[in-house]
Amino acid sequence: MQNNQMTRAEKIRYCAIARWAIYVFMIFVSVIIINIGKGVKPLLLIPLCTCICMNEGEYTAAVLGGICGLLIDFSCGKFFGYSCIFMIAFCVATVLFFKHYLLQNVLNIVWLTAMFTAVYELFDFFFFYAMWNFEGTGYVFREKCIPCIIYTTIASPFVWLLIKPVLKRFYPKRAKTIEEAMKI
């Protein structure tokens, strides 16, 4: 009779494949939402990357930030690689914040998303409008940048509610050490 039980390593591998397949699907749905219609829309990739990166390592976060940054560049019509730089920094900072200082809850996701979106939009405003001294830069800031920050911050708890079940179901449980297993 054959033993059909999967080993722990196989379970972790299959859960990682399923988890990343769901993440990729969510990323591309976010890109589609950014590209639909006109007007100011939330940058859903910022809270999505923040939620994904809180459990990943630095290198994974850097790759994810680079890919999502390129997708933002493509979706928003920015220079190729402009958003990539910011998203890599945001994702690696998220990993380090959650690894050393923050607990994984929705409030920390909201304020990190608000901070990252504000920094991104302020740099975007400065490099594309204010630096060139265009007329009506205050209008652009008031009608484009501020609503984008607000919409993205409001969308972040909903993104967290989508990511949380994926993490609970497909993220591997931490194995106990011998000392932890021996304690009763």
Tell me, what is the per residue accessible area of region 1-49 in Å², probe radius 1.4 Å? 68 Å²
Length added when fully stretched, ALA9-PHE74, from 0.36 nm per residue minus Cα-Cα: 19.7 nm
Sparse-neighbour loop sites [trypsin sites (Lys or Arg not before Pro); region 1-89; at most 10 other C-beta within 10 Å; DSSP]: LYS38
Counting only DSSP loop positions in region 85-184, the GluC sites (Glu not before Pro) whose Cβ has at most 10 other Cβ atoms within 10 Å are GLU135
What angle do you read, to the nearest 10 degrees and between 0 and 90, between the alpha-carbon axis of helix 58-76 and the longest principal axis of the chain? 40 degrees
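Determine the gain in length on full extension of the stretch TYR171-ILE22; use 0.36 nm per residue of separation and subtract their C-alpha separation, reporting nm with one decimal.
52.4 nm
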Could you check how much of the accessible area of region 1-152 is carbon and sulfur, as a whole percent, using a 1.4 Å probe? 70 percent
For region 128-172, run through the chymotrypsin sites (Phe, Trp or Tyr not before Pro) and keep only the ones in DSSP coil with at most 16 other Cβ atoms within 10 Å of their Cβ. PHE134
Expected output is a single nm value to one decimal: the length gained when fully extending between ILE150 and ILE36, i.e. 0.36 nm times separation in residues minus the C-alpha distance. What is it? 39.2 nm
May I ask you to rank PHE116, PHE127 by accessible area, largest first, using a 1.4 Å probe over the protein chains only? PHE127, PHE116
Would you compute, from DSSP H runs of 4+ residues alone, the mean residue ellipticity of the chain at 222 nm, taking -39500 (n - 2.57) per run and dividing by the full residue count, rounded to the nearest 500? -24000 deg cm²/dmol
With Cα coordinates, the longest principal axis of the chain makes an angle with the long axis of helix 106-128, in degrees rounded to 10, of 40 degrees
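The values are calculated or read from the model by the stated rules, or taken from the named source; none is laboratory data. No experiment lies behind these values; they were computed from the predicted model shown. In this analysis, Cβ positions are derived from the backbone assuming ideal geometry, glycine residues included, and neighbour counts consider all displayed protein chains. Ligands, DNA and RNA are excluded from the accessible area calculation, which covers all protein heavy atoms including side chains. Shrake-Rupley method; radii C 1.70, N 1.55, O 1.52, S 1.80 Å.
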